[in-house]
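The values are calculated or read from the model by the stated rules, or taken from the named source; none is laboratory data. A quick note: this is a predicted structure, and the numbers were derived from the prediction, not measured. Every residue, glycine among them, receives a Cβ derived from its backbone with ideal geometry; neighbour counts consider all protein chains shown. Just so you know, the surface numbers come from the protein's heavy atoms only, side chains and all, with ligands and any DNA or RNA stripped out. Shrake-Rupley method; radii C 1.70, N 1.55, O 1.52, S 1.80 Å.
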Amino acid sequence: MITDYSQRLIVQEVSPRDGLQIEPVWVETADKIKLINQLSQGGFSRIEAGSFVSPKAIPALRDGEAVFQGIERRPGVVYVALVPNLKGAQRALESKADELNLVLSASQSHNKANMRMTREQSLVAFNEVVSLVRGSSVSLNGTVATTFGCPFEGRIDEDVVLRLIDAYQELGMHGVTLADTTGMANPRQVFQLVKRVLTQLPASQLTLHFHNTRGLGLSNVLAAYEAGARRFDASLGGLGGCPFAPGASGNICTEDLVNLCEEVGIDTGIDLPHLLTLSRSLPSLLGHEMPGQVAKAGRNCDLHPVPPGNG
Ligand code: COA
Ligand code: ZN
């Protein structure tokens, strides 16, 4: 089968949220704002700029209000905030987030570890959020974390995921994200689930969120794309992870994803040289190397001089 790569792949940049939430060093508010402003210049249509969760749960993002108030809103960019409950939604609305991303886990045990609620309690909280935003221009996205596997429960039944998507649709949420929180998905599983989900949801409303924990992140992207998915989360440098999931590690790396797309001929609209420059500034901001590979290796077209004496 020869895949048609002519349709654009939309990248939502999540480093300011998923990327920074697990970092042990405190990133100053001004540096977060600078990062988001620089990302806004990179051609993204969507940036998850922060979360409004308990500051005790995620101290690294406790300055969400100041970040959202300080960023320059680039026209055409949707600035998304992750929220777990009504209080988070109120904070996000006051801070003028364009979209709220509500998260619950397909696995009950990860939802309890991450949100300190059952899935049913999360859905009740989301109902309150839906009532709050009704009539405003703010859009809602529902994420199903641990869709492809849970670090406590293992494999997740596809029907559980499908039922949660139904619940999100009944709540009137516009978008749905299926997240592989700890990188347990494989391409065959991804292809099968995406095919199934796209029978009840248009591709324009489905986002895939992969982590590269076991090295399968970009393979999973291609499998999802081949099954018809067109929207993907990714994080600059490959930063990221959930502090409430043992063994969590980075998201798929944005510049590695964009490089893959350029090599196989899928348009993303993202400025890869700009991203590489930004990614190469992360080690000095965060004090460690990034997992991303293209920032270290360079693009295929970044050639080296022929060694002297090569004949
Ligand atoms: N923003 C700020 N503070 C919040 C909040 C929010 N969205 N939700 C609750 N709080 C505060 C409460 O006001 C309360 O404060 P107090 O101790 O000063 O009185 C405290 O947090 C505890 O509130 P409670 O409702 O009992 O929450 P909890 O301790 O059971 O935690 C969550 C529930 C959902 C708030 C918390 O688990 C959470 O924020 N999880 C998100 C984790 C996350 O971001 N994971 C990664 C992304 S998927
Ligand atoms: Zn994630």
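Might you check whether a residue that is touching an Asp or Glu at 6+ places or on another chain (Cβ under 9 Å), surrounded by fewer than 19 Cβ atoms within 10 Å (Cβ to Cβ), within 27 Å of THR277 (Cβ to Cβ) and hydrophobic (A, V, I, L, M, F, W, C) occurs anywhere in segment 73-96?
yes
Which one is nearest to ligand 2 (Cβ to nearest atom), of the residues in segment 242-266 that are more than 18 Å from SER219 (Cβ to Cβ) and surrounded by 22 or more Cβ atoms within 10 Å (Cβ to Cβ)?
Among those residues, the one meeting the criterion is CYS242.
With the requirement that a residue be out of contact with any helix residue (DSSP H, G or I) (no Cβ under 8 Å at 6 or more places or on another chain), in a loop (DSSP other than H, G, I, E, B) and either in contact (Cβ under 8 Å) with a residue 40 or more places away in the chain or surrounded by 18 or more Cβ atoms within 10 Å (Cβ to Cβ) (or both), what does segment 186-233 give you?
THR213, the sole residue that qualifies.
Among the residues of segment 186-216, which ones are β-branched (Val, Ile, Thr) and within 12 Å of ligand 2 (Cβ to nearest atom)?
Residues satisfying the conditions are THR207, THR213.
Looking only at residues in segment 27-62 that are acidic (Asp, Glu) and surrounded by fewer than 20 Cβ atoms within 10 Å (Cβ to Cβ), which one is farthest from LEU236 (Cα to Cα)?
GLU28
Got a sec? Which of GLY142, GLY183 is within 24 Å of ALA234 (Cβ to Cβ), assigned to a strand (DSSP E or B) and not polar (S, T, N, Q)?
That would be GLY142, the only listed residue that is within 24 Å of ALA234 (Cβ to Cβ), assigned to a strand (DSSP E or B) and not polar (S, T, N, Q).
Do you know which of the residues in segment 101-136 that are part of a loop (DSSP other than H, G, I, E, B) and open to solvent by 40 Å² or more (accessible area, probe 1.4 Å) is nearest to ligand 1 (Cβ to nearest atom)?
So, considering only residues that are part of a loop (DSSP other than H, G, I, E, B) and open to solvent by 40 Å² or more (accessible area, probe 1.4 Å), the one nearest to ligand 1 (Cβ to nearest atom) is ARG116.
Would a scan of segment 25-32 turn up a residue that is more than 28 Å from GLY265 (Cβ to Cβ), part of a loop (DSSP other than H, G, I, E, B) and free of Cβ contacts under 8 Å to residues at least 24 places away in the same chain?
Yes.
Take the residues in segment 161-175 that are in a loop (DSSP other than H, G, I, E, B) and touching a residue at least 40 places away in the same chain (Cβ under 8 Å); name whichever of them is surrounded by the fewest Cβ atoms within 10 Å (Cβ to Cβ).
So the residue we want is GLY172.
Can you confirm whether ALA97 is assigned to a loop (DSSP other than H, G, I, E, B) and under 19 Å from the mean Cα position of the chain (by Cα)?
Taking the combined requirement at face value, the residue satisfies it.
Give the residue that is nearest to the chain's Cα centre (by Cα), with candidates limited to residues of segment 33-70 that are of a type in the set (Lys, Arg) and outside any helix (DSSP H, G or I).
The qualifying residue nearest to the chain's Cα centre (by Cα) is ARG46.
How about segment 50-65: which of its residues are within 15 Å of ligand 2 (Cβ to nearest atom), in contact with a strand residue (DSSP E or B) (Cβ under 7 Å, 6 or more places away or on another chain) and not β-branched (Val, Ile, Thr)?
GLY50, SER51, LEU61
Please tell me if GLY183 is open to solvent by less than 10 Å² (accessible area, probe 1.4 Å) and within 16 Å of ligand 2 (Cβ to nearest atom).
In short, yes.
Return the residue satisfying two criteria in turn: it lies in segment 289-305 and is open to solvent by 70 Å² or more (accessible area, probe 1.4 Å) and under 22 Å from ALA60 (Cβ atoms), and of such residues it is nearest to the chain's Cα centre (by Cα).
Among those that are open to solvent by 70 Å² or more (accessible area, probe 1.4 Å) and under 22 Å from ALA60 (Cβ atoms), it is PRO291.
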